Amino acid sequence: MTIDRSRLPVPGPDRPFRFPRIVKRTLTNGLEVRAVRHQSVPVASIVLLVPGGSSVDPCDRQGLVSMTAGLLDEGSRGQSALEISDRLARIGGEVDIEAGMDAVVVGLTTLDRFFEKGLGLLHEMVVEPNLADDDFNRIRSLRFERLKQLKDHAPALAERVFARVLYGAHPYGRLSLGAEAGLTPMTVSEIRALHAAMFAPAGSTLVIVGNRPEEALLDLAARTFDSWRAAASPMTIDRSAALADPPEMPQSRLGVVPRPGAAQSELRIGHVCAPRSTPDYPVLLILNAIVGGEFVSRLNLNLREGKGYTYGVRTGFNLRRGLGPFVMQTSVGTDVTAPAIHEAHEEIRAIAASRPATADEVAEAIASMSKGYPRGFETASQVARSVAQLALHNLPDSYFEDFAPRLARVTTDDVSAAAQRHLQHGKMTTLIVGDLDQIHESLPGLGLGAHQVLPADL
Amino acid sequence: MQIPFKKKTLGNGLDVIVHEDHQLPMVAVNLWYHVGSKNEVPGRTGFAHLFEHLMFEGSQHHDHGYFPPLQRAGGQLNGSTNADRTNYWEVVPTGALDLALWMESDRMGFLLPALSDAKFNNQRDVVLNERRQNYENRPYGLAGIALSAAMFAPDHPYHWPTIGSADDIRAASLAMVREFFETYYHPANASLSLAGDVEADRAFDLAERYFGDLPAGPQVARVERGASLDDSVSLVLEDRVELPRLYISWHSPAMFASDDAELDIAADVLTHGKTSRLHKTLVYERRVAADVSAYHHSREMGGQFQIVCTAAAGVTLAELNTAIRTAIEELAAQGPTADELERGVAQTDAQFVYRLQTIGGFGGKGDQLNAYNTFVGDPGYFGRDRQRYFDVTGRGVASAVSRWVAAARSVSLSVVPKGRRDLALTGAAEVQVS
């Protein structure tokens, strides 16, 4: 049987896919529960989303939220961290606690036959953690060690310094992990106060996903979480701290964190951009795919496939409740640092000016993102996390179904307009973490002004 | 528990394995070539991986990038190389299955006519960047390379890292690419799986249609080499790190061989979770370590049992070494408690279930079917693989730890901050890796 190799087969029509159906119930204590029946492997996934996140850290206590989140699985209801860990291991449970900028997300995945036990454990960890002095000291020491180790990790350094340079004193200017200055004076009473103030049923969302009828899932959640009550706290937190205005964007600037002898230059280019709530969101997804979000993006095809400067480059509009950044990130050879920066700037500038997105590029990006969309709903934990994101950003239950049709309405003009509005080439900050001695002579030629040497400051 | 499948071997020797799962409107295409860095020779290291990169640069009938048509169709794709094998995968919407198979078969059958110096030079630069980014510019990034070099003799195929030496990568030539392709990239040395939203009959028809005409290619000789240490070795590597870290490595059984599962459970008992022995003593109670992990990394020709432990500030690696050796002696002497064994097996069992959640990508069902087919000749080995862990006994763990670890020679590697050789184990010999 011979096949026609003169041209590529044209893909057939999309098969229908039913996106998760969300069934909701608000418990008497104000906790919103969202259940999804996921008919696949007998795996249960539970996600609790508590809004606020690290952006509520007091200025002089950076890392407070993340430390509190990190202590949730270090002992609860009078049982030690070892006992909790043992119970978790016996149900094959995997706990994942993430203190993001906008929310703390506590996830637990287990086997369906351990659903009740898993939910009970998650409840204990979130509602009745011990927050004991000794555990606090232990976890804080590990945190200090982690911070120390990150000093040698170029991408971590770049991430931290870049956030600080873009956002200054704004909550997004720091990392969740915290910093020594905030961790050193921190006390366990502050952790307890933060826990009481932040972890409350009203405003939080519990997502529960498994292969059981939605009503059964909701009943199970209600039985476990109905008794959760908000606690009194001496601490007041501002869950909207991140909505404050970041500093005015300066003109182009170039910063360098010197790393003598570094094998590569770690690069970041970007600026403060937009909130997740921007009506341009779908357009920005398309714009990003074209400029740097995919393997076939302009930046990757140029810097990697064209010039061989890097193993890969990616961009992202990291949109959040407050104004999130646009960031390009890559790691390039020391000897090609300046040309790589030059090319990257040219690509970012061009898509907003001389080489706007073409109709083909837009059509391809839309096809790529919408046809591949069902892939994100394969596992129970993927579904649970996606549903939690809807809660965080106040998106409708129909969001998943509407996603592809919304993308399909994006036009080439929309993308050009969004590029001009959201990629302000004259206001980009460029950061290099690399061997300054090797590259300093090439920097003036970039036309980004005199470079500023920045401390690593972790 | 199983991954249900059907298997056929085409006339040219290509194994085709199909697993139906209609949950998503997607099909996972997964293709293994039974070639990895173990098929390389000294002086030409890093070649299998560099070659993998070239597989994404276009083939005779589609002499453009491999990514665009598939991404445009909503597909996701990647590939990877290790010592034993190279895999390639696409997860595509059901309607794009023909496209994915057309593309995979074109690069299997017709890669060479599309190769050029320009593509080759470009990807060589990309790989050198990858090496600098992921190994040279990463804290502790060269430790694995130093360890393998010390564990295996210079001509043993596990002596060198899959990423290869920078000098060898620079010296690679287009002529070597042709030779490599002709030796290893053909149906008789490959295994294709299709998992997801496709009916088995149609899947086999498509496989025959796209791959059936390709010539079988030569038989690939199996690489067989034993490995052992004449003496225990202690090395020190200075690196740009803040905290010293100790690596200890022992030779251990090949994957699926006797004692393989026992050593997996031993690693679990030692460092998985806070209640594990070493985590509990070193990190939780005594707080002398920032982290500790043990794993049994078994491969086709043999395995390595490894323990990695990072010191807390101010703690010497000697102290950690003593604690680790003591824990091993105890495990070898008494084995795990019934409680520890039960917990270890429960965790492993859950991992097997979690592995059934995805059709494609690295570690998805399609990848597992090919792994079992390539390494044990039976795509249906999932159930037996899992059963091995239920069959593990405390006595079995004790005897495996005793034989392969406690009583065996090891390589210790102290990775210390620059200029702090004093933090290494005493008597450690300096090692340099570039």
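The values are calculated or read from the model by the stated rules, or taken from the named source; none is laboratory data. Since we're looking at a predicted model, the values are computed, not measured. Here the Cβ positions follow ideal geometry from the backbone for every residue, glycine too, while neighbour counts run over all protein chains shown.
Which one is nearest to A:F144 (Cα to Cα) among residues in segment B:280-291 that are within 9 Å of another protein chain (Cβ to nearest Cβ) and in contact with a Ser or Thr (Cβ under 8 Å, 6 or more places away or on another chain)?
Per the criteria, the residue is B:A290.
Taking A:E401, is it part of a helix (DSSP H, G or I), in contact (Cβ under 8 Å) with a residue 24 or more places away in the chain and either facing chain B (nearest Cβ under 8 Å) or within 20 Å of A:N288 (Cα to Cα) (or both)?
When the stated conditions are applied, A:E401 does not pass them.
Within segment A:77-108, how many residues are assigned to a loop (DSSP other than H, G, I, E, B), of a type in the set (D, E, K, R) and touching a Gly at 6+ places or on another chain (Cβ under 9 Å)?
1
Evaluate the following for A:A391: is it more than 14 Å from chain B (Cβ to nearest Cβ), in contact (Cβ under 8 Å) with a residue 60 or more places away in the chain and either of a type in the set (V, I, T) or at negative phi (or both)?
yes
Looking only at segment A:305-334, filter to residues that are closer than 19 Å to A:T430 by Cβ and over 22 Å from the mean Cα position of the chain (by Cα); which one of those is surrounded by the most Cβ atoms within 10 Å (Cβ to Cβ)?
Applying the filter and picking the extreme gives A:V332.
Which members of segment B:202-235 meet the condition of being more than 15 Å from B:W102 (Cβ to Cβ), among the small types (G, A, S) and surrounded by 16 or more Cβ atoms within 10 Å (Cβ to Cβ)?
Once the filter is applied, which keeps residues that are more than 15 Å from B:W102 (Cβ to Cβ), among the small types (G, A, S) and surrounded by 16 or more Cβ atoms within 10 Å (Cβ to Cβ), segment B:202-235 yields B:G217, B:A227, B:S234.
Tell me which residues, restricted to segment A:262-285, are of a type in the set (A, V, I, L, M, F, W, C), assigned to a strand (DSSP E or B) and away from every other protein chain (no Cβ under 14 Å).
The answer is A:I269, A:V272, A:C273, A:A274.
Taking helices (runs of 4 or more DSSP H) that do not extend beyond segment B:103-179, which have at least 2 residues that are away from chain A (no Cβ under 14 Å)?
The qualifying helices (runs of 4 or more DSSP H) are B:143-151, B:166-171.
A:G308: without any contact (Cβ under 8 Å) to a residue 12 or more places away in the chain and over 30 Å from A:L436 (Cβ atoms), yes or no?
Considered against the rule, which asks whether it is without any contact (Cβ under 8 Å) to a residue 12 or more places away in the chain and over 30 Å from A:L436 (Cβ atoms), A:G308 comes out as no.
Among the listed residues A:P339, A:P356, identify the single one that is over 20 Å from the mean Cα position of the chain (by Cα), in a loop (DSSP other than H, G, I, E, B) and on the phi < 0 side of the Ramachandran plot.
Result: A:P356 is the single residue among A:P339, A:P356 that is over 20 Å from the mean Cα position of the chain (by Cα), in a loop (DSSP other than H, G, I, E, B) and on the phi < 0 side of the Ramachandran plot.
One line per residue, one yes/no per condition, for (1) closer than 27 Å to A:P374 by Cα; (2) crowded, with 19+ Cβ neighbours inside 10 Å; (3) free of Cβ contacts under 8 Å to residues at least 24 places away in the same chain:
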residue: A:R18; (1), (2), (3): yes, no, yes
residue: A:R21; (1), (2), (3): yes, no, no
residue: A:L49; (1), (2), (3): yes, yes, no
residue: A:G70; (1), (2), (3): no, yes, no
residue: A:E74; (1), (2), (3): no, yes, no
residue: A:L82; (1), (2), (3): no, no, yes
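Test A:D457 against the stated conditions and say whether it is among the acidic types (D, E), out of contact with any Cys (no Cβ under 7 Å at 6 or more places or on another chain), part of a helix (DSSP H, G or I) and exposed (fewer than 15 other Cβ atoms within 10 Å of the Cβ).
No.
For segment A:77-114, how many residues are farther than 15 Å from A:E128 by Cβ, within 9 Å of another protein chain (Cβ to nearest Cβ) and not charged (D, E, K, R)?
Of the residues in segment A:77-114, 11 are farther than 15 Å from A:E128 by Cβ, within 9 Å of another protein chain (Cβ to nearest Cβ) and not charged (D, E, K, R).
Would you list the helices (runs of 4 or more DSSP H) that sit entirely within segment B:316-416 and hold 1 or more residues that are touching a strand residue (DSSP E or B) at 6+ places or on another chain (Cβ under 7 Å) and crowded, with 17+ Cβ neighbours inside 10 Å?
Result: B:317-334, B:338-354, B:365-376.
Of the residues that sit in segment A:207-257 and are more than 30 Å from A:A344 (Cβ to Cβ) and among the hydroxyl-bearing types (S, T, Y), which one is farthest from the chain's Cα centre (by Cα)?
Going through the qualifying residues, I end up with A:S227.
When you go through B:P139, B:P157 one by one, which is the residue that is in contact with a His (Cβ under 7 Å, 6 or more places away or on another chain) and farther than 19 Å from A:G372 by Cα?
B:P139
Please verify whether B:T322 is in contact (Cβ under 8 Å) with a residue 24 or more places away in the chain, among the hydroxyl-bearing types (S, T, Y), over 17 Å from B:L263 (Cβ atoms) and assigned by TED's automatic domain parsing to the domain that holds B:F375, treating the condition exactly as stated.
Criteria not met by B:T322.
So in segment A:62-76, with the set limited to residues that are in a loop (DSSP other than H, G, I, E, B) and touching an Asp or Glu at 6+ places or on another chain (Cβ under 8 Å), which one is nearest to the other protein chains (Cβ to nearest Cβ)?
A:E74
This table checks each residue for (1) among the β-branched types (V, I, T); (2) farther than 26 Å from B:G65 by Cβ; (3) buried (at least 19 other Cβ atoms within 10 Å of the Cβ).
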| residue | (1), (2), (3) |
| --- | --- |
| B:N121 | no, no, no |
| B:D155 | no, yes, no |
| B:Y158 | no, yes, yes |
| B:L174 | no, no, no |
| B:Y185 | no, no, yes |
| B:A190 | no, no, yes |
| B:L194 | no, no, yes |
| B:A200 | no, yes, no |
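Could you please give the count of residues in segment A:1-52 that are away from every other protein chain (no Cβ under 14 Å), of a type outside the set (V, I, T) and not in a loop (DSSP other than H, G, I, E, B)?
Result for segment A:1-52: 8.
Among the residues of segment A:294-304, write down those that are surrounded by fewer than 20 Cβ atoms within 10 Å (Cβ to Cβ) and without any contact (Cβ under 8 Å) to a residue 24 or more places away in the chain.
Hit for segment A:294-304 is A:L301, nothing else.
Would you tally the residues in segment A:117-174 being away from chain B (no Cβ under 14 Å), assigned to a loop (DSSP other than H, G, I, E, B) and among the small types (G, A, S)?
Matching residues across segment A:117-174 total 2.
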